[in-house]
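Rule-based calculations on the coordinates, nothing more; no lab input. Remember, it's a predicted structure, so these values are computed and weren't measured experimentally. Cβ placement follows ideal geometry from the backbone for every residue including glycine, while neighbour counts extend to all protein chains displayed.
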Amino acid sequence: MKLNRISAKRLSALVPIILMTVISINAQSFTTRDNKLIDANGKKFVIKGINNPHAWFGQKAYDALDEISSIGSNTVRIVWQTRGNDQELERIIKRCIELRMIPMVELHDVTGSPSKERLVAMAQWYSKAERVAMLKQYEKYLLLNIANEWGDHQVSSDHWLDSYTDAVNIMRNAGYNLTIVVDAPGWGQNITPFIERGKDLIKADPLHNILLSVHMYGSWNDPEKIKKDLKACRKLKLPLIVGEFGYNSDEGNNNLGCKADHKVILETCNKLKYGYIPWSWTGNNAENQWLDLVSPDDWKTLTWWGREVISSRNGITATSKRASVF
């Protein structure tokens, strides 16, 4: 059939819409599009979750998943290490899904390391054939955070890009289609590589399916920096979450020198539709105990910090929505 100019023009305008509809229908996992995280049903999803220390607390952390779900959390960042048992990891993932929370697995082995080889080793851990087969069963729900806070304060934007390009490609070659979560260097706090090279990392990924994660502690004591840098990422259309953050404890006289204004973090994230995951449910050591969201005595009674990020106006309970895949 011959098309006249008007119908051809209309068809041309419809092509991107048709393509995005087909992609959404065929999606088997989370994807990213500009600054948005999209679930397997093609619906926008904003992470409002909890960091939970499964690597160190076994059954206690597993049992806490019920309470974490009850406060409205839609995501659990599963703190894990390569020494962990795959059967236990699968049990945790399945329980998160049963409780309608998105499981995000992260490896804590190379925190602060600037070594590309050590980062690549984390990608290789995920890429073992038997582990891929296990994890891909849950790909509709799953997010994989390659490595917690890889990279010290000396890691450059170029080294960050080069190292993560190789790590991401290892995981893609292993068969993962899901969204891969990539932390900032500088112990998670240096957002500059995101602004300078974040687009390049997304382009280097064969599936262009990367979610960037910045952590906010002592490097984020200026509230204007929080607003300015998150807005800069939004303007660049970067998909991003604040994957960990703290607050101004003891007027900054804490082990992380943290005076970060958590209210500004929560409000800015909500305005920009960026997700957030405060650190952490409970079980922190003595010098980090100020970051416990609930009491370590019973693993459920909210601390002041917990009330601030869970029960406040911009907190998890008031703003979290479950993913449409449940």
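For the range 51-72, how many residues meet the condition of being within 14 Å of VAL294 (Cα to Cα) and assigned to a loop (DSSP other than H, G, I, E, B)?
2
For the range 286-303, what are the residues that are without any contact (Cβ under 8 Å) to a residue 40 or more places away in the chain, of a type outside the set (Gly, Ala, Ser) and either within 18 Å of ASP63 (Cβ to Cβ) or in contact with a strand residue (DSSP E or B) (Cβ under 9 Å, 6 or more places away or on another chain) (or both)?
Correct list: ASP292, PRO296, ASP297, ASP298, THR301, LEU302, THR303.
Conditions first: (1) crowded, with 20+ Cβ neighbours inside 10 Å; (2) without any contact (Cβ under 8 Å) to a residue 40 or more places away in the chain. SER213 passes all but one, so which condition is the exception?
So the condition that SER213 fails would be (2).
Could you list, in sequence order, the residues of the range 205-226 that are part of a helix (DSSP H, G or I) and either under 19 Å from the mean Cα position of the chain (by Cα) or of a type in the set (S, T, N, Q) (or both)?
Hits for the range 205-226 are SER219, TRP220, ILE226.
So GLU98 clears everything in (1) free of Cβ contacts under 8 Å to residues at least 40 places away in the same chain; (2) farther than 23 Å from ALA323 by Cβ except one condition, right? Which one?
(2)
Which is in contact (Cβ under 8 Å) with a residue 12 or more places away in the chain and in a loop (DSSP other than H, G, I, E, B), of GLY283, GLY243, GLY306?
GLY283
Which ones in the range 180-204 are crowded, with 19+ Cβ neighbours inside 10 Å and out of contact with any Ser or Thr (no Cβ under 8 Å at 6 or more places or on another chain)?
Scanning the range 180-204 gives ILE180, PRO185, ILE191, PHE194, GLY198.
Okay, residues lined up against (1) more than 23 Å from GLY246 (Cα to Cα); (2) touching a Leu at 6+ places or on another chain (Cβ under 8 Å):
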{"residue": "GLU88", "(1), (2)": "yes, no"}
{"residue": "MET104", "(1), (2)": "no, yes"}
{"residue": "GLN137", "(1), (2)": "yes, no"}
{"residue": "LEU144", "(1), (2)": "no, yes"}
{"residue": "ALA147", "(1), (2)": "no, yes"}
{"residue": "VAL155", "(1), (2)": "no, no"}
{"residue": "ILE170", "(1), (2)": "yes, no"}
{"residue": "GLN189", "(1), (2)": "no, no"}
